[in-house]
């Protein structure tokens, strides 16, 4: 007796079901991981989404909740497991796992706790997706991108840190508010450490190619009567402020991760400020990861845009690099 | 608000500075061409309640590019401000240029759609009906304020028990019934279509099936309408949905009813699926699409229901709200099921105080 399904549907293809072509894995289903997952899903970026975490109930609940929304999405396969085999053949793996900043805590404090977690995660990711691109989000992102790179054995163009992609987005939003213009028409790059010592490159800040520094040579300095420097300060304080108000940040970082995934999966070759290995640039002599404008595509981080920085800006980068190296060299990997 | 005060500040500054020849960056960079107050929003959505459900609705609506202004309201001011800031920081990546929030409902003025997610949520094991009186008291405060600032809006009620709270909202708002919608079984039907489609190996959108009636334990799966490409499943399997069905398709509906309880048990609450389903409804309303959705509407006079209860039926949604209701051909069983739900709901509604 044929089943209802057999009466309804006749299978005709002789091939096996095709593999996913654009698979994305998110490691860690906390607030950041799930914000990244929903942003990736709503932007129709992938044909398969995998979630991994250690807390099995939470993981199962989250994947069911997403699956129940399948009618409204174009990602047919949403899977999850504690075991990394579920992540096999991913194109991009977003790592959000790890401890998060408490109120008032700096990102650097989280380091060793998160290194130990990464020692388990990273080799597992690479085992099942040896050709993937790893996008590190967990903080302190620059150091953890270095850690992920070392633990993965992958070439440097395939391990990227979300870095100052979010800081720059916040900067452009605040700049847009000040000028009454949409953030996408306000151009400004925040580079360096994703954290307290990030560097706003004032010489590049422009609208329609008109340099704001050309209009206001004191922009970004203490003497500036319009106090544009405060815009950068607000960017640095943003995360702390939101954490104080709602306990964590999620939506903005989730959207910025989806933005990076889109560029990578669609091979757009857009420039993003993301964390990459900068040894040999700007006088940096150690293997540190800092954010600089990078060209991203489906093979990963293929090129770096060379910014002309002022001596003070280069000095700031070198100082960040020293701070980061100071922490990195004490790590047991 | 921030921008107009900034402009006032800059205007006075720029006059002062023009005299002293020290114009600001803004003044030097940008030449205003149209003077006058900014236009009111055309597609504003407000979300009341910034808990997990409210924020999932907000993010889904933002990422689906449905609105030019989003307002958030809640009583917890810190959480509210933090959520607003977190969304604003993502402005570069979305196409909603104005995101505002406030404890005061004036921020919601001129909304086309207001999504109400405020209220207490089901605890593990608690039924939706248990939540009722707690949420009625909250709504008495919320609904009149919403209507005061957006007298022409469409209200989408999400808080549970949704069918009863949609009735409560309708009563408290004074709005005509076509402008008060409950998210109802839009989500149940989405879950049903997902689970059925998984069994058949196809995409949920290619499986057509409706769950109507109460959003909850007594929802009604209309097996007589279940089809793929117009091929009616009940014709292929006349036992479908019954206890004697060897393939146990009835289990799928049971899984739908149990879904929420299961997810709540695993992660503490549900949010993503309901957020996506609300964005789906919002899209139909905003774009005047005349799509049919199973949402909670006033069903007095239909299927033998003689009381003012709200239950989910297939409604054609347009920019005025519920334009019309599709007449389902239901079996006697299904009709009596609906009638039973209506009676259960009315028994609770008539005891509600302070309406």
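Read-outs: derived from the displayed coordinates by stated rules, not from any lab. Just so it is clear, the structure is predicted and the values come from calculations on it, not from any experiment. Heads up, the Cβs are rebuilt from the backbone with ideal geometry, glycines too, and the neighbour counts pull from every protein chain shown.
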So how long is each side of chain A along the principal axes, counting just the alpha-carbon atoms, biggest first, in Å?
85, 47, 38
Take the alpha carbon atoms of segment A:224-272, find their center, do the same for segment B:201-278, and report the distance between the two centers in whole angstrom.
40
So for segment A:78-123, what are the equivalent ellipsoid semi-axes in whole Å, largest first, each being the square root of 5 times an eigenvalue of the Cα gyration tensor?
26, 12, 9
Which value in nm describes the separation of the simple spin-label points at residue B:347 and residue A:116, placed 7 Å from the Cα toward the beta carbon?
5.6
Take every DSSP beta bridge whose two residues both sit in chain A, then give the antiparallel share in percent to the nearest 5.
50
Distance from segment B:287-340 to segment B:83-141 (C-alpha centre basis), Å:
25
Taking Rh as the Kirkwood radius computed over C-alpha pairs, what is the Stokes-Einstein D of the protein assembly as shown at 37 °C in a medium of viscosity 0.692 mPa s, expressed in µm² per second?
122
Residue-span extension gain [residue B:6 to residue B:77] - 0.36 nm each, minus C-alpha spacing:
23.2 nm
Using helices alone, I'd like the mean residue ellipticity at 222 nm for chain B: each DSSP H run of four-plus residues gives -39500 (n - 2.57), total over residue count, nearest 500.
-13500 deg cm²/dmol
Shielding by partners for A:170-179, please: the mean number of other protein chain Cβ atoms within 10 Å of each residue's Cβ.
4
Taking only Cα atoms, what is the 0 to 90° angle, nearest 10, from helix B:250-267's long axis to the longest principal axis of chain B?
40
Return the percentage of antiparallel bridges among DSSP beta bridges fully within the protein assembly as shown, rounded to the nearest 5 %.
50
How do A:187, B:141 line up, fewest other C-beta atoms within 10 Å first?
B:141, A:187
Mind jotting down the three principal axis lengths of chain B based on Cα atoms? Whole angstrom, largest first.
90, 47, 38
What percent antiparallel are the DSSP beta bridges of chain B, to the nearest 5?
50
Computed from the beta carbon distance with a Förster radius of 41 Å, FRET efficiency for residue A:7 and residue A:210 to the nearest 0.05 stands at 0.05
So what are segment A:197-315's ellipsoid semi-axes, whole angstrom, largest first, if each one is the square root of 5 times an eigenvalue of the alpha-carbon gyration tensor?
25, 21, 16
How many nm is it between the label spots at residue B:300 and residue B:28, if each spot is 7 Å from the Cα in line with the beta carbon?
6.8
Expressed in angstrom and ordered largest first, the alpha-carbon extents of segment A:129-253 along the principal axes are 50, 34, 26
Under the definition of Cα pairs under 8 Å and six or more residues apart, what whole-number percent is the relative contact order of segment B:132-230?
20
Using only Cα atoms, tell me the angle between helix B:186-200 and the longest principal axis of chain B; keep it within 0 to 90° and round to the nearest 10.
60
Any chance you could give the angle, 0 to 90 degrees and rounded to 10, that helix B:272-286 forms with the longest Cα principal axis of chain B?
70
Taking neighbour counts of Cβ atoms within 10 Å as a proxy for exposure, in what order, fewest first, do A:199, A:86 appear?
A:86, A:199
Segment A:25-41 residues near the modelled residue A:57 label - backbone nitrogen below 18 Å, point 7 Å along Cα→Cβ
A:29-31
Sequence of A:271, B:153 once ranked by neighbouring C-beta atoms within 10 Å, starting from the fewest:
A:271, B:153
Using just the helices of chain A, give the 222 nm mean residue ellipticity in deg cm²/dmol: DSSP H runs with n ≥ 4 each add -39,500 (n - 2.57), and the total is spread over all residues, rounded to 500.
-12500 deg cm²/dmol
